[in-house]
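Contents: one structure, followed by commentary.
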Amino acid sequence: MTSSGQYQPKPEHKFSFGLWTLGNRGRDPFGDAVRPPISPVDIVSMLAETGAWGVNLHDNDLVPIDATYAERDRIVCDFKKACETNGITVPMATVSLFFHPVFRDGAFTANDPEVRAYALQKTMRAMDLGAELGAKIFVLWGGREGVETDACRRADEAVKRLREAVNYLCEYSIDRGYGYKFAMEAKPNEPRADIYMATTGHYLGFIPTLEHPEMVGVNPEVAHEQMAGLNFMHGVAQAWECGKLFHIDLNDQMPGRYDQDLRFGSANVKSTFWLVKFLEDVGYNGPRHFDAHAYRTEDYDGVKDFARGCMRTYLILKEKASQWNADKEIQSILNEITPPRNGTPEVGHYSEQGSAALLAHCFDKDAMAKKRLPYERLDQLTIDLITGTR
């Protein structure tokens with residue numbers, strides 16, 4: 001098989017992009033747009049051309065915020081036709097509660113009850129839109145749910161307001177029969193100085209307090225966790241272990257920087273490898289969504305290069321993960337560092353008999369401390385494998 005065919009995206013890979021990702025025009029706080037706009041219909045065609053499986057959207061990525069009902073229906077009809085023609089799925093929808101100035105003090109957590117009510121209305125209509133397009137996952141990112149000064153409200157009151165909103169939206173999904181799974185997306189800061197739900201772990205603690213926790217999980221994003229200096233794969237693993245990994249946003253990020261949304265694997269290839277390996281090892285079967293942007297230097301063809309690059313890197317690292325799992329020396333080291341119990345008392349499920357055996361057991365601390373842990377060799381073998389020198 002040729003290299004190009006080996007890393008060609010297929011529908012079973014479930015690679016998706018947002019309208020806002022390929023449609024990003026390269027505008028930043030210091031410079032205006034460098035690319036002409038690409039219509040949602042043309043983005044769908046581009047995704048089909050590059051081999052993607054799905055497209056995701058905020059409500060206003062597709063339908064302008066002030067569109068009439070007739071305009072809304074026409075736009076949605078044209079978009080649905082484009083998706084059907086190009087064989088593109090809409091697995092996830094979300095809502096913009098951050099762009100319009102009305103959300104300058106937040107949306108679900110805003111002090112003004114009128115703003116909070118409008119945020120719920122806007123989200124419900126976005127849920128209607130997503131359901132019409134076939135989406136079964138609804139992401140909630142509270143980019144404005146935070147503060148510049150804690151003088152504006154008590155932080156626990158903000159959490160209560162957020163809980164009330166999510167409970168309301170779950171009931172709306174049930175009432176309409178949408179069958180949504182809500183995926184909460186964390187971020188430590190930007191655009192607010194401090195966002196209330198700063199990490200995936202914050203949301204994993206919040207979800208059990210909801211009225212319908214079974215409907216709510218998380219949507220971890222590489223860049224958002226790395227902005228906080230955290231190991232992204234560890235957060236993903238915790239979400240997976242407790243059954244809450246409903247969706248995932250893939251990109252890349254240099255720690256300590258603003259939200260960069262770099263092409264997947266373009267900055268931290270080793271940590272990206274561990275992430276891909278984890279997702280493949282555990283059999284994650286959800287969308288692999290690339291929430292990233294092409295460099296500001298790129299034109300239309302460069303945006304296609306960016307999309308292809310995200311998917312190609314994932315598939316390369318998926319292959320490397322398979323090679324890592326099959327490597328005899330690596331597996332030998334893994335067997336060495338995870339030896340059998342050899343008479344060590346069982347310490348899984350507690351029992352009175354088991355605890356008595358554990359208390360009575362004599363451990364040879366010196367012998368245990370002398371066991372070889374060749375992690376330097378293991379890590380270098382990983383580097384050799386990733387770089388193709390092994």
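The values are calculated or read from the model by the stated rules, or taken from the named source; none is laboratory data. This is a predicted model, so every value here is computed, not measured. In this analysis, Cβ positions are derived from the backbone assuming ideal geometry, glycine residues included, and neighbour counts consider all displayed protein chains.
Summary table below
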{"quantity": "Cβ pairs under 9 Å, 6+ apart, first in segment 55-68 and under 11 Å from L97 (Cβ atoms), second among the β-branched types (V, I, T)", "calculated": "H58/T94; H58/V95; D59/I65; D59/T94; D59/V95; D59/T123; N60/V95"}
{"quantity": "Number of positions in segment 148-189 that are among the hydroxyl-bearing types (S, T, Y) and in a helix (DSSP H, G or I)", "calculated": "3"}
{"quantity": "Filter pass, A151 being hydrophobic (A, V, I, L, M, F, W, C) and free of Cβ contacts under 8 Å to residues at least 12 places away in the same chain", "calculated": "yes"}
{"quantity": "Positions within segment 339-390 being at pLDDT 95 or above, within 29 Å of E329 (Cα to Cα) and among the hydroxyl-bearing types (S, T, Y), in sequence order", "calculated": "Y375, T382, T387, T389"}
{"quantity": "Residue check for G134: surrounded by fewer than 16 Cβ atoms within 10 Å (Cβ to Cβ), in contact with a Ser or Thr (Cβ under 9 Å, 6 or more places away or on another chain), of a type outside the set (A, V, I, L, M) and closer than 28 Å to K81 by Cα", "calculated": "yes"}
{"quantity": "Identity of the residue in segment 336-390, closer than 21 Å to S322 by Cβ and exposed (fewer than 10 other Cβ atoms within 10 Å of the Cβ), that ends up nearest to the chain's Cα centre (by Cα)", "calculated": "G388"}
{"quantity": "Criterion violated by E319 - all others in (1) closer than 30 Å to D259 by Cα; (2) assigned to a loop (DSSP other than H, G, I, E, B) satisfied", "calculated": "(2)"}
{"quantity": "All positions within segment 255-281 that are crowded, with 18+ Cβ neighbours inside 10 Å, touching a Gly at 6+ places or on another chain (Cβ under 9 Å) and in a loop (DSSP other than H, G, I, E, B)", "calculated": "R263, F264, G265, S266"}
{"quantity": "Verdict on Y180 being under 19 Å from D59 (Cβ atoms), hydroxyl-bearing (S, T, Y), crowded, with 19+ Cβ neighbours inside 10 Å and out of contact with any His (no Cβ under 9 Å at 6 or more places or on another chain)", "calculated": "yes"}
{"quantity": "Residue match in segment 80-91 (condition: surrounded by fewer than 13 Cβ atoms within 10 Å (Cβ to Cβ), in the same structural domain as M311 (by TED's automatic domain parsing) and under 24 Å from the mean Cα position of the chain (by Cα))", "calculated": "yes"}
{"quantity": "Close pairs from segment 275-287: first within 14 Å of M311 (Cβ to Cβ), partner of a type outside the set (A, V, I, L, M, F, W, C) and surrounded by fewer than 13 Cβ atoms within 10 Å (Cβ to Cβ), Cβ under 7 Å, at least 6 apart", "calculated": "none"}
{"quantity": "Tally, over segment 192-210, of residues that are touching a residue at least 24 places away in the same chain (Cβ under 8 Å), part of a helix (DSSP H, G or I) and more than 22 Å from D259 (Cβ to Cβ)", "calculated": "2"}
{"quantity": "Given (1) of a type in the set (D, E, K, R); (2) in a loop (DSSP other than H, G, I, E, B); (3) under 21 Å from G54 (Cβ atoms), number of the condition E346 does not satisfy", "calculated": "(3)"}
{"quantity": "Any hit, segment 323-333, residues being in contact (Cβ under 8 Å) with a residue 24 or more places away in the chain, more than 25 Å from G5 (Cα to Cα), in a helix (DSSP H, G or I) and in contact with a Leu (Cβ under 6 Å, 6 or more places away or on another chain)", "calculated": "yes"}
{"quantity": "Residue check, A119 in a helix (DSSP H, G or I) and crowded, with 21+ Cβ neighbours inside 10 Å", "calculated": "yes"}
{"quantity": "Hey, G217 part of a strand (DSSP E or B), in the same structural domain as F108 (by TED's automatic domain parsing) and of a type outside the set (F, W, Y) or not", "calculated": "yes"}
{"quantity": "Filtered residue count, segment 170-204, keeping only those that are in contact with a Lys or Arg (Cβ under 9 Å, 6 or more places away or on another chain) and at positive phi", "calculated": "1"}
{"quantity": "Residue list for segment 25-41, restricted to those being surrounded by fewer than 20 Cβ atoms within 10 Å (Cβ to Cβ) and in contact with a Gly (Cβ under 9 Å, 6 or more places away or on another chain)", "calculated": "D32, A33, V34, R35, P37, I38, S39"}
{"quantity": "Test: R144 is modelled with pLDDT of 95 or more, charged (D, E, K, R) and not in a loop (DSSP other than H, G, I, E, B)", "calculated": "no"}
